[in-house]
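The values are calculated or read from the model by the stated rules, or taken from the named source; none is laboratory data. As the structure is a prediction and not an experimental result, all values here were calculated from the model. As a convention, Cβ positions derive from the backbone with ideal geometry for all residues, glycine included, and neighbour counts pool all protein chains shown. Areas reflect the complete protein model, heavy atoms only, side chains present, ligands, DNA and RNA absent. Shrake-Rupley method; radii C 1.70, N 1.55, O 1.52, S 1.80 Å.
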Amino acid sequence: MSVNPMVVAALTGVAVLSAQAVYRRLHPDLTCVTCGTRSGHRVVGHDDRACRDFVQEQRRRAEAAAAATGNPPPPLPDPYGHAWPRNS
């Protein structure tokens, strides 16, 4: 029994597209809500944990809350090693 090459190509294409759809569903692109809110469109490539603006905003809020209560600001994780200072 001979199998038609067009049928094989069509079934292979369906299998590849299905596998891509499943992969994309299980592994969505990293999106940054902070940058997306500020720019007005979807920002892909990093998430909030690695966002420069998000980290700076968290530092500002912690320092403002500490200043309001008279306490020293709490140490926050610095994923960038002071690459982006607060007041830039």
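Brief remarks follow.
- Whichever residue in the range 46-69 is within 11 Å of V33 (Cα to Cα) and charged (D, E, K, R) and, among such residues, is surrounded by the fewest Cβ atoms within 10 Å (Cβ to Cβ): R49
- So R42, is it over 13 Å from the mean Cα position of the chain (by Cα), open to solvent by 90 Å² or more (accessible area, probe 1.4 Å) and not small (G, A, S): no
- Counted residues, the range 11-39 - those being assigned to a helix (DSSP H, G or I), open to solvent by less than 90 Å² (accessible area, probe 1.4 Å) and hydroxyl-bearing (S, T, Y): 4
- Qualifying positions in the range 3-32 - within 27 Å of P73 (Cα to Cα) and at pLDDT below 80: none
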